[in-house]
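Taking it in order: structure first as structure tokens, then the write-up.
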Amino acid sequence: MSALTWIAAGSVVVWLWLLLGQGFFWRTDIRLPRAPAAGPGAPVREPGAPVGGPGAPMGGPGAAACGPGAAIGGPGTPADEQPGGWPSVAIVVPARDEAAVLPASLPSLLAQDYPGPAEIFLIDDGSSDGTGKLARELADTHGGLPLTVGSPGEPEPGWTGKLWAVRHGIALAASGHPADFLLLTDADIAHEPDSLRELVRAARAHRLDLVSQMARLRVATGWERLIVPAFVYFFAQLYPFRWVNRRRGRRAAAAGGCVLLRREAAERAGVPEAIRQAVIDDVALARAVKRSGGATWLGLADRVDSVRPYPGLGELWRMVSRSAYAQLRHNPLLLMAAVAGLAVVYLAPPVALCAGALTGRPVLLTAGAAAWALMTVTYVPMLRYYWQTLWLAPLLPLTAFLYLLMTVDSAVRHWRGRGAAWKGRTYARPSAAPGE
């Protein structure tokens, strides 16, 4: 067989593996774990299990003893009625030039229907568009949870701007009575009124140190429809949620837009200081928590949404390319491997199908069609999650080609000294940071 036929056959094998052996990454049923039913005989549900899936007894290092069939908190005790009532929460919102999105996001935090004490700390990270002033005006207009606006000044060497702002927010929150939980959420994230309550309920009921939801990104324009669902699809392929949620597993990840973190777990992991240089800060945070023995959970959101628009290809391109090369550890060999992998897995199937049809080679045509069909089938659940037409599924090779170009562009920007650029700041690779 020709080289293209071998490549197409290899692509079929890879897609069979991705379909069955990569943690069922393509499924979209990993949602916020519900509190277990109260009463004797109620099972404690494994946080990595899909909604509606079979329960499993909790375990792992640091977990309190829990007999078979016992509900968390003891027989007959609902998860939200455990001793001590509802814990306190500090909501930390790093914000840099976010005046355009704050009117759609901040009121949703102010309006949180949370039974315990909660306070918002919005950290204005050197904004030039009046972000801090607007935040105060919105708080005065809408009322709700108390809001404190702080400004940490320019980041010290070796810190990214976002983590510098998060550090300042955590310090502000700790200046009074340190909160039991920290909710780290981006300035473009809108929460339904019960979002915080359900996050805390899940963390307490399943003894989780970190609970993160992948916010549903905005999908309104043609480019957003083509690229945004694939962004989450590719992320889940790299970090299958079922693997991430294994208590003794090594895979760790989080979605930075919505992370509920126990204060004790943050202190134990030494964050944010331990990850101060991280460009992909959410994954670094989850790794630090998991390394320190914490239990983490990541899944798709139903009631947490990003309101940030990416109307054109340029905005989406910058969103992906600013961190793509950092994901590859700024390693040229990993870049070449990623480009080759994308080409074999996503681009070879349609090329093989077309070549087989034009040359009358049935083996080549069949291999290309089979790989393309498997690819399409795995993309359908994500399109349904985003309420998009299924006709976009066969276009995944085109989307993957765009991501390939974005990844290469990310490396080129890094080599030209522009690195991970975001809102006027450019971050070098961590090893280049002063004093490190």
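FYI, it's all coordinate maths here, none of it is from the lab. Predicted model, so just to flag it, every value in this text is computed and none were measured. Reconstructed Cβ throughout: ideal geometry from the backbone, glycine too, with neighbour counts over all protein chains shown.
General observations
- Computed P(r) (all Cα pairs; segment 204-276; 5 Å bins; percent): 3, 13, 19, 23, 18, 12, 8, 5, 1
- Peptide ranges 324-335, 112-123 listed from the most packed, as the mean C-beta count within 10 angstrom indicates: 112-123, 324-335
- Residues whose amide H falls under 5 Å from that of residue 91, counting only those 5 or more places apart or on a different chain, are 119, 120, 121, 183, with hydrogens built in the peptide plane.
- Two-decimal ratio, segment 305-414, of alpha-carbon radius of gyration to 2.2 N^0.38 Å: 1.23
- Annotation: average projected area of segment 246-365 is 11.9 square nanometres, based on the convex hull of Cα atoms across all directions.
- Extension gain for residue 268 to residue 177 (0.36 nm times residue separation, less C-alpha to C-alpha distance): 30.9 nm.
- Tensor-based shape of segment 120-221 (alpha-carbon gyration tensor, a/c under 1.5 rounded, otherwise prolate or oblate): rounded
- For segment 87-310, the normalised intensity computed at q = 0.09, 0.11 Å⁻¹ comes to -0.33, -0.50 (log10 of I(q)/I(0), Debye sum over alpha carbons, equal scatterers, no solvent).
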